[in-house]
Amino acid sequence: MSNRPVSPLRACVRAALASALAALTLPAWAALGGAPINTPADAITTAIAAPVARAASTATAASGAAAAAPYTLRTTQFSSGTTVREYVGADGNVFAIAWNGPSMPDLQALLGTYFSQYASGVKALHAARRSRGPVAVEASDLVVHSGGHMGSFFGQAWLPGALPAGMTGADIK
């Protein structure tokens, strides 16, 4: 190694590279419409691997028949105490997410490409009522309900067109 002093530019480039490499090792979140999250080392994930039997409709339920909703429910408990539940379709993509806990998850990461639509909806809500509070953004292709207060946050997000037959937003918990 040389005893030459490191230039400020070189130090800045080294710091940027170190930050970029560190970011690559951070846990990845699911993006709505994409693959489930990678479980970080300090979290615990459980999954109901078999499809969950759901009533396909009131008429079908009344007749005693039930249809299998082809999805898996993955629950991840983070060291922060926040729990994220992912509803994963038979195609391997997340069609719904629910969360609760003492800290708010990164909604930009969770909602992926749908985040800008959500942010626009929140902005419109805040402009209309001039106050903060629970949020309900409902569009034909995205529904997000979120609320809570410091130390207790909750919410659900789902893609209505991707819900399995017989499943409704009320099933996302």
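Just so it is clear, none of the values below were taken in a lab; they were calculated from the coordinates. It should be emphasised that the depicted structure is a prediction, and the values quoted were computed from it without experimental measurement. Here the Cβ is made from the backbone with ideal geometry for all residues, glycine too, and neighbour counts use every protein chain on show.
Here is the size of segment 87-173 from its Cα atoms: Rg then Dmax, 13.1, 42 Å. The protection proxy used here, the mean number of other Cβ atoms lying within 10 Å of each residue, ranks peptides 147-155, 34-42, 70-78 as follows, highest first: 70-78, 34-42, 147-155.
Residue ranges 88-97, 132-141 sort as 88-97, 132-141 when ordered by packing (mean number of other C-beta atoms within 10 Å per residue, highest first).
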